[in-house]
Amino acid sequence: MRAGSMSAMLLGLLASGCSSLVAKVFPLEDLPAPDGPFAVGVNFFEWVDPNREELFTTDPDDRRRLVGQVWYPATPSAVGERLPYLDRPDRRLDMISYQSGLPKFMIRHMAKVKTHAILGAPLLESATPLPLVLFSHGLSGMKNQNTIQAETLASHGFVVVSVDHAYDAFLTLFEDGTEADYRSADTENRQGDDFWAFRLPQLKTRTKDLVFVLNEIERLSVTDAFWAQVSLESVGAFGHSFGGATALMAATEDARIGRCLALDGWMLPVPTDIVRSGISKPFHYLGQAAWDDPLNYKKLDRFLAASSQGTKQLVPGTKHFDYSDAPQFSDLAKRFGLSGSLPRSELRALIDDTVLDFFQGKTMDTRDPD
């Protein structure tokens, strides 16, 4: 039997629904364990901003709603089931299949992938408030797309908060059973003024999401024992792709954010005045060696030249989605071109170490590609 016929027969068997065979041929692994000294707890929340109209819908009474996730250091005695990576996989797998280009039958067993966080574990008792870091996902991403970095930070004593930027995330599931689908795709490839008219309102909405999160934590800290233990001094912010731009904008607008990191950040939607003025706070950019659009790094370099504490670290052998959890589930990501040539373990260590070092205030590596 020819190789093509063998492949077709194998795919036919896999597609027929033999989940055990799929898991053997296309294995997906649990997330790697974080290396910090603390156990990791996790919780979810849904907050409504009564002062903001939801711009993605036509109902004038619709307020901006955010579904969020918080990772934190837990007490040493914390025990319980490790949280699955996907909540509601029955709703999320269709979109993951669409985004990755992989047939759903090949990733169905992603529903069994586990994290290392314990749902509802007690917060670590600390004599001082715990440092806070915000995360912002990319376009069509999701709040937990960088769980590895969130768990790493939490295992080292940080509280990490991420939200689904509703309608920018690929799917937001609200407590009342309603959903926010993805409505931010630029199907027209807008240029010039049309680009700014389309993207800038989205960037402003996302930035206000992060500022609202800080405001809500500050409000809740008066009455809620958990948030009372979280520090709002020198908050960190980081994000992937459009989330990198979002974290940067939030850092320029909110004095509570003391440092900002972009993971392969998309600089194109950052307004020209911000690029020209730069930022006086510590800012670090970690990303692939080159973008398809060279303007992304031209804007980055202009921004860094105007920033008193700006650094960059460009890594050969990486691709855009390497700066999320995507390549860490399986070598499938490399086989299907979603990940670069850098080995998974080396890639993970690089990103984890960079994120942790930056938010611990250490001096950053600033290597450019060879």
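The values are calculated or read from the model by the stated rules, or taken from the named source; none is laboratory data. Just so it is clear, the model here is predicted, and its values are computed rather than measured. Cβ sites come from the backbone with ideal geometry, for glycine too, and all protein chains shown count toward neighbours.
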Being touching a helix residue (DSSP H, G or I) at 6+ places or on another chain (Cβ under 9 Å), farther than 26 Å from Gly157 by Cβ and part of a strand (DSSP E or B) is the filter here, so list the residues in segment 31-56 that pass it.
Asp49, Asn51, Arg52
Checking Ser140 against (1) within 17 Å of the chain's Cα centre (by Cα); (2) hydroxyl-bearing (Ser, Thr, Tyr); (3) surrounded by fewer than 18 Cβ atoms within 10 Å (Cβ to Cβ), the condition it does not meet
(3)
Restricting segment 230-249 to residues that are of a type in the set (Val, Ile, Thr) and surrounded by 24 or more Cβ atoms within 10 Å (Cβ to Cβ), the one farthest from the chain's Cα centre (by Cα) turns out to be Val235
Taking segment 18-30 as the search range and keeping residues that are in a loop (DSSP other than H, G, I, E, B) and out of contact with any Leu (no Cβ under 7 Å at 6 or more places or on another chain), which one is modelled with the highest pLDDT?
Asp30
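Table: residues versus (1) surrounded by fewer than 12 Cβ atoms within 10 Å (Cβ to Cβ); (2) under 23 Å from the mean Cα position of the chain (by Cα); (3) of a type in the set (A, V, I, L, M, F, W, C); (4) outside any loop (DSSP other than H, G, I, E, B).
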residue: Asp186; (1), (2), (3), (4): no, yes, no, no
residue: Phe195; (1), (2), (3), (4): no, no, yes, yes
residue: Pro201; (1), (2), (3), (4): no, yes, no, yes
residue: Val211; (1), (2), (3), (4): no, yes, yes, yes
residue: Asn215; (1), (2), (3), (4): no, yes, no, yes
Return the residue satisfying two criteria in turn: it lies in segment 63-89 and is at pLDDT below 95 and either over 30 Å from Ser155 (Cα atoms) or of a type in the set (Gly, Ala, Ser) (or both), and of such residues it is surrounded by the fewest Cβ atoms within 10 Å (Cβ to Cβ).
Ser77
(1) touching a residue at least 60 places away in the same chain (Cβ under 8 Å); (2) in a helix (DSSP H, G or I); (3) crowded, with 16+ Cβ neighbours inside 10 Å all hold for Trp227 apart from (1)
Filtering helices (runs of 4 or more DSSP H) wholly in segment 259-370 for at least 2 residues that are more than 17 Å from Ala237 (Cβ to Cβ) and modelled with pLDDT of 95 or more gives 272-277, 295-305, 344-359
Please enumerate the residues belonging to segment 180-194 that are touching a residue at least 40 places away in the same chain (Cβ under 8 Å) and not hydroxyl-bearing (Ser, Thr, Tyr).
Ala180, Arg183, Ala185
Please enumerate the residues belonging to segment 98-113 that are aliphatic (A, V, I, L, M), at pLDDT below 75 and not in a loop (DSSP other than H, G, I, E, B).
Met106
Only one of Thr75, Thr115 is out of contact with any strand residue (DSSP E or B) (no Cβ under 6 Å at 6 or more places or on another chain) and either of a type in the set (Asp, Glu) or within 25 Å of Asp352 (Cβ to Cβ) (or both). Can you tell me which?
Thr75
The one condition Leu232 fails out of (1) without any contact (Cβ under 8 Å) to a residue 12 or more places away in the chain; (2) in a loop (DSSP other than H, G, I, E, B) is (1)
With respect to Ser324, determine if the residue is surrounded by 14 or more Cβ atoms within 10 Å (Cβ to Cβ), in contact (Cβ under 8 Å) with a residue 60 or more places away in the chain and in contact with a His (Cβ under 9 Å, 6 or more places away or on another chain).
yes
Can you tell me which condition Ile107 does not meet? The list is (1) touching a residue at least 40 places away in the same chain (Cβ under 8 Å); (2) in contact with a strand residue (DSSP E or B) (Cβ under 7 Å, 6 or more places away or on another chain), and all the others hold.
(2)
Select from segment 250-269 the residues that are touching a Lys or Arg at 6+ places or on another chain (Cβ under 8 Å) and crowded, with 24+ Cβ neighbours inside 10 Å and write down the one among them that is nearest to Gly192 (Cα to Cα).
Met267
Out of curiosity, is His137 at pLDDT 95 or above and more than 20 Å from Phe212 (Cβ to Cβ)?
no
Single unsatisfied condition, Ser345 versus (1) among the hydroxyl-bearing types (Ser, Thr, Tyr); (2) touching an Asp or Glu at 6+ places or on another chain (Cβ under 6 Å); (3) within 28 Å of Val159 (Cα to Cα)
(2)
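Every residue, every condition in (1) without any contact (Cβ under 8 Å) to a residue 40 or more places away in the chain; (2) under 23 Å from the mean Cα position of the chain (by Cα), yes or no:
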| position | (1), (2) |
| --- | --- |
| Asp264 | no, yes |
| Ser280 | yes, no |
| Gly287 | yes, yes |
| Lys299 | yes, yes |
Go through Asp176, Asp168 for me and flag whichever is in a loop (DSSP other than H, G, I, E, B) and either in contact with a helix residue (DSSP H, G or I) (Cβ under 8 Å, 6 or more places away or on another chain) or surrounded by 14 or more Cβ atoms within 10 Å (Cβ to Cβ) (or both).
Asp168
